[in-house]
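These notes concern the structure reproduced below.
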Amino acid sequence: MSLFWLRTWQLGIKSLLLHPLRSGLTVLGIFIGVSSVIWLVAIGEGIGRKAQEQIEQLGATNIIVRSIKPPSEVTERSRALVPYGLTRDDYERLTTTIPTIVQAVPIRELRRRFSYGSRILDGRLVGCSPEYATVVKLEVDRGRFITYADMFRKENVCVLAAEVAQRLFPLENPLGRAIRIEEHFYVVVGVLKPRMPSAGIGGSLAAQEFSQDVYIPITTLWDRIGDVVITRRAGSFEGEILQLSQVTLTVDKVTNVLSTAEVIKDLLARYHRMEDYGVTVPLELLEQARVTRLMFMIFMGLIAAISLVVGGIGIMNIMLATVTERTREIGIRRALGAKRRDIVRQFLIETVSLSIVGGAAGIIGGLTCGPAFRFIRWQLNQLLPEVMNQLPDVVRTMEPVIVPASIPVAFGISVLIGIVFGLYPAMRAAAMDPIEALRHE
């Protein structure tokens with residue numbers, strides 16, 4: 001029996017090799033389909049993981065409360081400034097009345113000009129507490145970060161982001177030097193390692209760039225700068241009264257995050273006449289990201305499966321043409337005693353052989369997804385740098401991740417398509433009348 005099957009396979013492969021171009025094009029269709037499944041699922045998985053990483057960096061047990069500036073903050077006639085956003089009283093209420101909150105990090109952000117000697121740089125001034133470095137995942141390269149002693153004494157000290165240190169101190173060690181921020185001088189006590197920007201998470205959280213930041217104790221910011229900030233430039237007037245830009249709250253357990261978020265919303269609504277704040281729960285975003293990631297992968301897989309179906313249609317067309325060409329051969333085999341099931345088996349083996357070869361080649365092509373994707377991205381960076389810079393960070397830094405399950409699934413589908421689309425030509429060949437087949441020219 002095994003010899004019979006071996007002989008059948010040999011005969012099928014020999015028949016395919018008689019028409020190498022035709023067989024090669026059929027294999028190419030299956031190859032493209034299988035590779036597309038693996039590639040598109042890998043790209044979808046890579047994008048999904050990158051977005052999920054951005055959310056996970058916010059912390060599954062964290063709740064982020066940000067101040068939101070209402071429209072028409074400054075009136076043209078009176079130039080009156082209206083206070084908005086989170087206050088120090090809000091911070092005290094949140095930390096003292098909600099028992100599930102174990103840590104709170106207050107943050108105040110301002111746009112400021114930094115200078116050292118003749119070198120000037122515009123960037124973001126961040127007033128924060130020592131926990132800020134842990135929450136945002138900042139790593140110190142030299143020196144130290146802000147301490148509680150700095151906050152208690154309201155010290156004029158600062159920590160520089162890597163790019164700020166490079167721009168202001170290209171040839172010297174910044175530690176111990178004093179930079180000027182508006183009219184005050186701050187001694188540099190630390191320099192951070194480079195930190196990748198965080199992408200915006202839908203409409204819940206804006207993207208953050210850390211490369212041009214200078215960090216000082218938040219108590220120093222309140223004492224030196226205050227809550228009222230007025231900017232006059234080129235005849236325009238801008239101003240705001242804001243105490244806190246953001247408060248990042250850490251909850252004791254993941255199971256308490258959603259209920260704590262509801263308590264925070266109720267508490268803030270009680271003391272704010274307008275909704276000048278936003279509450280972002282990374283845990284909710286994380287669940288949404290997982291669902292979106294799964295749907296995206298399924299969608300990409302369905303798109304790729306279409307190319308497999310197209311390859312299957314190509315197999316059917318080729319095999320129908322083959323049946324017509326080999327009508328006389330089929331008649332001779334039937335006249336010599338071959339049964340209908342033998343003819344069906346013969347043609348099915350040929351279609352399955354094409355599918356197996358195409359599927360195996362497609363798997364090899366799919367496994368090259370990572371290197372090929374990086375090469376294409378490198379070429380685009382060389383040829384179209386402006387277009388690439390406008391793309392979201394998730395796309396520019398994403399790496400395809402091959403999903404192991406996609407390999408056997410794609411290969412199995414290719415073989416199944418070979419059987420399904422090869423069955424009709426095989427049955428049509430088997431249904432031929434031997435006498436009519438022998439008469440065929």
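Tally Lys and Arg at +1 and Asp and Glu at -1 over the other residues with C-beta under 11 Å from the C-beta of residue 125: what net charge comes out? Before the final figure, lay out the partial values.
Working: positive: 108, 111, 112, 113, 124, 224; negative: 109, 122, 182, 213.
Neighbourhood net charge equals +2.
From the protein chains alone at 1.4 Å, what is the descending order of accessible area for 342, 90, 266, 122, largest first? Let's see the in-between values first.
On the way: 342 35, 90 5, 266 95, 122 75 Å².
The ranking, largest first, comes out as 266, 122, 342, 90.
Given H placed on each backbone N at 1.01 Å, which residues far from residue 244 in sequence or on other chains put an amide H within less than 5 Å of it?
Long-range HN contacts for residue 244: 86.
Residue by residue through segment 134-141, which ³J(HN,Hα) values in whole Hz follow from phi under the Karplus form 6.51 cos²θ - 1.76 cosθ + 1.60 (θ = phi - 60°), with glycine and proline marked x?
Each residue's phi maps through the Karplus curve to give 6, 5, 8, 6, 8, 10, 7, 8 Hz.
Residues with amide H under 5 Å of residue 213's amide H, sequence separation 5 or more or different chain, H placed in the peptide plane at 1.01 Å from N; which?
The list, which skips near neighbours in sequence, is 124, 161, 164.
Quick one: Karplus J couplings for segment 341-353, per residue in order, coefficients 6.51, -1.76, 1.60, θ = phi - 60°, nearest Hz, x for Gly and Pro?
Listing the rounded values in order: 5, 5, 5, 4, 4, 4, 6, 5, 4, 5, 5, 5, 4 Hz.
Using a basic spin-label model with each label point 7 Å from the Cα along Cα→Cβ, how many nm lie between residue 173 and residue 360?
6.3 nm
Projecting each Cα onto the charge dipole of segment 100-179 (Lys/Arg +1, Asp/Glu -1 at the beta carbon, about the Cα centre), which of 132, 176, 147 comes out farthest on the positive side?
Result: 176, furthest along the dipole toward the positive end.
Tell me which lysines have Cα within less than 21 Å of residue 253's Cα, excluding those fewer than 8 residues away on the same chain?
Excluding near neighbours in sequence, the set is 137, 265.
Starting from 0.36 nm per residue, how many nanometres of slack lie between residue 229 and residue 82 once their C-alpha separation is accounted for? Intermediate results must be reported in sequence, preceding the final value.
Numbers: separation 147, 0.36 × 147 = 52.92 nm, distance 1.15 nm.
Taking residue 229 through residue 82 to full extension adds about 51.8 nm, to one decimal.
Skipping prolines and chain starts, which residues have an amide H placed within reach, meaning under 5 Å, of the one on residue 140, given they are 5 or more residues away or on another chain?
193
For residue 339, give me every one of the lysines with a C-alpha distance below 22 angstrom, ignoring sequence neighbours fewer than eight places off in its own chain.
14
In nm, to one decimal, how far is the residue 137 label point from the residue 317 one, both placed 7 Å along Cα→Cβ?
4.9 nm
For residue 30, what charge total do you get from the other residues with a beta carbon under 14 Å from its beta carbon, if Lys and Arg give +1 and Asp and Glu give -1? Intermediate values should be presented prior to the final figure.
Numbers: positive: 22; negative: 350.
Charge balance in the 14 Å sphere: 0.
Would you check the accessible area of residue 180, probe 1.4 Å, heavy atoms only, in square angstrom rounded to 10?
The accessible area of residue 180 comes to roughly 100 Å².
The values are calculated or read from the model by the stated rules, or taken from the named source; none is laboratory data. In this text, all values refer to a predicted model and were calculated from it rather than measured experimentally. Note that we place each Cβ from the backbone using ideal geometry, even for glycine, and neighbour counts take in every protein chain shown. Heads up: the accessible areas ignore ligands, DNA and RNA and are worked out on the full protein's heavy atoms, side chains in. Shrake-Rupley method; radii C 1.70, N 1.55, O 1.52, S 1.80 Å.
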